[in-house]
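The values are calculated or read from the model by the stated rules, or taken from the named source; none is laboratory data. If you're wondering where the values come from, they're calculated on a predicted model, not measured in any experiment. With ideal geometry, Cβ positions are generated from the backbone for all residues, glycine too; neighbour counts draw on all protein chains shown. Protein only, heavy atoms only, side chains kept; ligands, DNA and RNA dropped before computing areas. Shrake-Rupley method; radii C 1.70, N 1.55, O 1.52, S 1.80 Å.
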Amino acid sequence: SRWVTRVHVEDDATCIWIAEPVIAAANCSHEHTIEAELAPTARLLYREELVLGRHDEGPGTMAASLTVRRDGAPLLAQRLDIGPGAPGSAAPSVIGPHRAVGNIVVVDPDGVPGPDSATPSPTSAVMRQDAGCVQATAVAPDAPSLRRQLDQAMTVLGAPWAAPDPTGWPAVPR
């Protein structure tokens, strides 16, 4: 299967994308592509949760790519191949024994608050890409644990991007 989403965010607009988890069911081969094109003064909050297999079933294979451009210039580009059909994906430097991986990307031309880097937990990291872009990444054994890891990573960003209680956000599926 293949899912391709292209988003264009115009000047002074904000796109908040908090989607349901993408699940690579047993024996599938799925390609998941997200491309976001941002105008110079556009803002983005993007959150993704990728899960290998449903509860109590084997994993499928997923190739996930995420590209964010601001004013036509690359800001963030990553590709992650995971699952049994992706050699090396179980290595500790990729996802290790975990079955869920997620990202949060915040882009704000006025600057994103928070540290240049942080490790809110042993399996998550917050990394500044530049003054106006921060990415949080986490791995976890399952979808609920991943969601908690990403919620915790969001707290280091500060207002307006981190709600005092991210689990209270109505847009975050629970």
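Can you name the residue in segment 46-69 that is open to solvent by 50 Å² or more (accessible area, probe 1.4 Å) and of a type in the set (Lys, Arg) and is also farthest from residue 10 (Cα to Cα) among such residues?
54
Kindly establish whether residue 124 is hydroxyl-bearing (Ser, Thr, Tyr), out of contact with any Pro (no Cβ under 9 Å at 6 or more places or on another chain) and at pLDDT below 90. It would help to see each step written out before you state the result.
Values: hydroxyl-bearing (Ser, Thr, Tyr): yes; out of contact with any Pro (no Cβ under 9 Å at 6 or more places or on another chain): yes; at pLDDT below 90: no.
No: the conditions fail for residue 124.
Would you confirm whether or not segment 130-141 contains a residue that is open to solvent by 30 Å² or more (accessible area, probe 1.4 Å), at pLDDT 95 or above and in contact with a His (Cβ under 8 Å, 6 or more places away or on another chain)?
yes
Please go through segment 82-113 and pick out each residue that is open to solvent by 70 Å² or more (accessible area, probe 1.4 Å) and not small (Gly, Ala, Ser).
84, 87, 92, 97, 99, 110
Name the residue that is nearest to residue 78 (Cα to Cα), counting only residues in segment 103-124 that are touching a Gly at 6+ places or on another chain (Cβ under 7 Å) and in contact (Cβ under 8 Å) with a residue 24 or more places away in the chain. Show your work before the answer.
Start the filter on segment 103-124 by keeping residues that are touching a Gly at 6+ places or on another chain (Cβ under 7 Å), which leaves 107-109, 111-114.
Filter once more, keeping what is in contact (Cβ under 8 Å) with a residue 24 or more places away in the chain: 107-109, 112-114.
On the way: 107: 16, 108: 19, 109: 21, 112: 20, 113: 23, 114: 22 Å.
Looking at residues that are touching a Gly at 6+ places or on another chain (Cβ under 7 Å) and in contact (Cβ under 8 Å) with a residue 24 or more places away in the chain, I get 107.
Return the residue satisfying two criteria in turn: it lies in segment 14-34 and is open to solvent by 50 Å² or more (accessible area, probe 1.4 Å) and closer than 24 Å to residue 86 by Cα, and of such residues it is modelled with the lowest pLDDT.
Among residues in segment 14-34 that are open to solvent by 50 Å² or more (accessible area, probe 1.4 Å) and closer than 24 Å to residue 86 by Cα, the one modelled with the lowest pLDDT is 20.
Tally the residues that are surrounded by fewer than 18 Cβ atoms within 10 Å (Cβ to Cβ) and either touching an Asp or Glu at 6+ places or on another chain (Cβ under 9 Å) or farther than 24 Å from residue 14 by Cβ (or both), restricting the search to segment 114-129.
Residues flagged as surrounded by fewer than 18 Cβ atoms within 10 Å (Cβ to Cβ) and either touching an Asp or Glu at 6+ places or on another chain (Cβ under 9 Å) or farther than 24 Å from residue 14 by Cβ (or both) within segment 114-129 amount to 7.
Got a sec? Which strands (runs of 3 or more DSSP E) wholly within segment 1-93 have at least 3 residues that are farther than 30 Å from residue 110 by Cα?
Numbers: elements: 2-9, 14-18, 22-24, 29-38, 43-52, 61-70, 73-82.
So the answer is 22-24, 29-38, 61-70.
All but one of (1) at pLDDT below 95; (2) in contact with a helix residue (DSSP H, G or I) (Cβ under 7 Å, 6 or more places away or on another chain) hold for residue 95; state the number of the condition that does not hold.
(2)
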